[in-house]
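One structure is given here, and the rest of the page talks about it.
The values are calculated or read from the model by the stated rules, or taken from the named source; none is laboratory data. Fair warning: this is a prediction, and the values are worked out from it, not measured in the lab. Here Cβ is always computed from backbone atoms with ideal geometry, including for glycine, and neighbour counts include all displayed protein chains.
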Amino acid sequence: MTVLHTKDIFVTLVDPDGETLIRFYRLLFGQEPSVHVPQVYAEFRLPGLRLGLFKPQANHATEFSGRAGGMSLCIEVADLEDAIAQFIALGCPPPGEIRVASHGREIYAYDPQGNRLILHQNIPPE
């Protein structure tokens, strides 16, 4: 069996107009992209993640249309209520309620392109 020898793995999201998600994630993370080619590509380097945002070439746009499906970007936060307030301020209020799961508290939110973000706060063990 052949093994895939990876150099790096990172997440990319489609930004159909080439700037909407860049603006959103710039405000959400409070930083400029480390790489930015206007109307083509931007990349944020975050703790444990490289997040790339790209505008597909016109002849490939239909391959990237639609909602996120099963993919979610999980963002662990120190204070879930503060994170929710930030999403509300960005004009993207989470549509549901906070849920308690075995791993902590969480709520789903969505970026302007409809990509699902799971905001998650750990519950310390008792």
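Tabulated data
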{"item": "Close pairs (9 angstrom Cβ cut-off, 6 or more residues apart or separate chains): in the same structural domain as residue 80 (by TED's automatic domain parsing) and crowded, with 16+ Cβ neighbours inside 10 Å in segment 109-121, in a loop (DSSP other than H, G, I, E, B) and aromatic (Phe, Trp, Tyr) anywhere", "result": "none"}
{"item": "Residue selected from segment 17-33 under the condition modelled with pLDDT under 95 and not in a helix (DSSP H, G or I), by the criterion surrounded by the fewest Cβ atoms within 10 Å (Cβ to Cβ)", "result": "17"}
{"item": "All positions within segment 34-82 that are charged (D, E, K, R) and at pLDDT 80 or above", "result": "43, 45, 50, 55, 76, 79, 81, 82"}
{"item": "Residue check for residue 37: in contact (Cβ under 8 Å) with a residue 24 or more places away in the chain, at negative phi and not polar (S, T, N, Q)", "result": "no"}
{"item": "Checklist (1) over 16 Å from the mean Cα position of the chain (by Cα); (2) assigned to a strand (DSSP E or B); (3) among the small types (Gly, Ala, Ser) applied to residue 109, failing item", "result": "(1)"}
